[in-house]
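Report on one structure; see the data block that follows.
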Amino acid sequence: MREELKGKNFEVFTVACDSKGAAAAESWIKQANPQHPSVIDEQHRVAELYGAKNVPSVFWIDEQGSIVRANDPVYAARRNRETGESTVNQDYLNAVRDWVSKGPTSIYVQDERRVQAHTSQMTAEDVQAMASFRLGVYLFQQGHVKDAVAHFKRAHQLKPNNWTYRRQAYNLGNIEQDYGTTFLQAREDPASQPFYPPLELPKPT
Amino acid sequence: MSTTSSRGGSVTATVLYQEKVSKLPRGWVEGDDLWLTLPDLAAASGWELKPEGVCRGETCVPVPDARLASFLHEESGERWFNVSEFARLIDQPFARDEAHYVWYFGPPSWEWQSRVGSRQAPDFTLPDLAGKPHSLSELRGKKVLLACWASW
């Protein structure tokens with residue numbers, strides 16, 4: 001996608017939400033060998049700033065720095081880690097192409113209200129969950145893995161549908177031993193919906 | 001490391017003030033609350049006590065006289081400041097770990113509430129694998145596809 005569109009004043013910026021930092025993300029990034037900015041976000045700062053509650057989460061930002069489409073739970077293309085094969089989401093790739101060529105008149109551009117609905121603003125509970133999550137990440141990084149779990153649980157309790165906090169914590173510990181659940185059970189818990197926001201892709205005419 | 005009792009006690013506190021980590025050997029803990037000397041407060045958080053209030057850079061937070069006693073305590077000629085009580089005043093989220101005496105303080109209310117009603121893409125700067133920093137704003141003037149992913 002980037003190769004095709006890079007001549008059209010278009011760039012990709014990828015952010016790895018990984019509290020294990022480069023150690024977790026390195027093999028993926030090296031395999032993809034990106035030519036665009038590809039950063040690592042140990043504290044999930046970008047997810048918090050943009051209101052993303054899970055990954056993938058994709059945002060379109062125009063030339064003036066305005067978000068014109070928010071929180072799409074899809075990759076335009078993704079590579080299978082084992083086989084190295086790429087799978088392309090053709091509908092989504094076509095939507096990106098349409099935006100790159102038509103700009104604000106593309107049918108895929110969302111109005112301000114849609115964008116705001118998808119970049120949910122932070123509430124007191126969000127920021128309290130953030131505090132517990134960050135404290136947990138710090139303790140984990142200092143080697144206090146068991147103590148970190150209590151703070152992750154507090155973050156999950158405050159914001160059960162924040163899946164970046166949940167999946168990260170499950171990944172840093174042992175979901176069954178530390179949290180007494182399985183990923184499938186947690187994912188289906190009514191309190192933790194939605195797992196992904198809906199993808200609203202208008203049909204081309 | 002600590003000599004805490006029910007009335008509180010002296011600890012080596014680790015303070016995570018948004019991105020900044022400080023180890024402070026003269027923390028005083030009382031329940032959920034952390035008290036620091038004024039020099040430690042300034043070093044860890046950037047907040048300083050001035051005649052107009054508690055200030056950091058251009059920002060000053062006035063402290064009502066009636067509440068001053070819950071923030072400020074003088075002992076043996078030294079003044080101590082209750083960082084946790086101040087966090088409550090400015091709606092700043094905080095969390096603490098009892099076992100390791102670690103406190104995390106998040107953004108004050110005016111930072112996280114100001115995101116309401118704006119379509120402007122928030123800027124950020126983060127390192128790549130080689131440690132080189134990249135900012136979103138460096139791409140201003142281009143269309144950008146910002147994609148969050150994870151290995152988990």
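The values are calculated or read from the model by the stated rules, or taken from the named source; none is laboratory data. Just so it is clear, the model here is predicted, and its values are computed rather than measured. Cβ sites come from the backbone with ideal geometry, for glycine too, and all protein chains shown count toward neighbours. The area values use the complete protein model at the heavy-atom level, side chains included, leaving out ligands, DNA and RNA. Shrake-Rupley method; radii C 1.70, N 1.55, O 1.52, S 1.80 Å.
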| said: Going residue by residue through the stretch B:115-125, is there one that turns out to be facing another protein chain (nearest Cβ under 7 Å) and in a helix (DSSP H, G or I)? | reply: no
| query | Among the residues of the stretch A:101-114, is there at least one that is open to solvent by less than 30 Å² (accessible area, probe 1.4 Å), of a type outside the set (S, T, N, Q) and more than 30 Å from A:Lys159 (Cβ to Cβ)? | reply | yes
| said: Going through A:Gln64, A:Gln110, A:Gln35, A:Gln43 one at a time, which residue ends up being farther than 28 Å from A:Asp126 by Cβ and not assigned by TED's automatic domain parsing to the domain that holds A:Arg167? | reply: A:Gln35
| query | Of all the residues that make up the stretch A:65-100, how many are of a type outside the set (Gly, Ala, Ser), in contact with a helix residue (DSSP H, G or I) (Cβ under 8 Å, 6 or more places away or on another chain) and either closer than 30 Å to B:Glu111 by Cα or open to solvent by 70 Å² or more (accessible area, probe 1.4 Å) (or both)? | reply | 9
| Is it the case that the stretch B:81-93 has a residue that's closer than 30 Å to A:Gln35 by Cβ and open to solvent by 10 Å² or more (accessible area, probe 1.4 Å)? | no
| task | State the number of residues belonging to the stretch A:15-30 that are surrounded by fewer than 22 Cβ atoms within 10 Å (Cβ to Cβ) and either part of a strand (DSSP E or B) or in contact with a strand residue (DSSP E or B) (Cβ under 7 Å, 6 or more places away or on another chain) (or both). | result | 3
| note | Only one of B:Ala130, B:Ala99, B:Ala150 is open to solvent by 60 Å² or more (accessible area, probe 1.4 Å) and facing chain A (nearest Cβ under 7 Å), namely B:Ala99
| Only one of these conditions is not met by A:Ala129: (1) open to solvent by less than 50 Å² (accessible area, probe 1.4 Å); (2) in contact (Cβ under 8 Å) with a residue 24 or more places away in the chain; (3) over 25 Å from B:Ser109 (Cα atoms); (4) not in a loop (DSSP other than H, G, I, E, B). Which number is it? | (3)
| query | So which residues in the stretch A:110-145 are in contact with a helix residue (DSSP H, G or I) (Cβ under 7 Å, 6 or more places away or on another chain), under 17 Å from A:Asp18 (Cα atoms) and at the interface with chain B (Cβ under 7 Å from one of its Cβ atoms)? | reply | A:Met130, A:Ser132, A:Leu135, A:Leu139
| query | Would the stretch A:52-64 turn up any residue that is modelled with pLDDT of 95 or more, more than 7 Å from chain B (Cβ to nearest Cβ) and either open to solvent by less than 20 Å² (accessible area, probe 1.4 Å) or under 11 Å from the mean Cα position of the chain (by Cα) (or both)? | reply | no
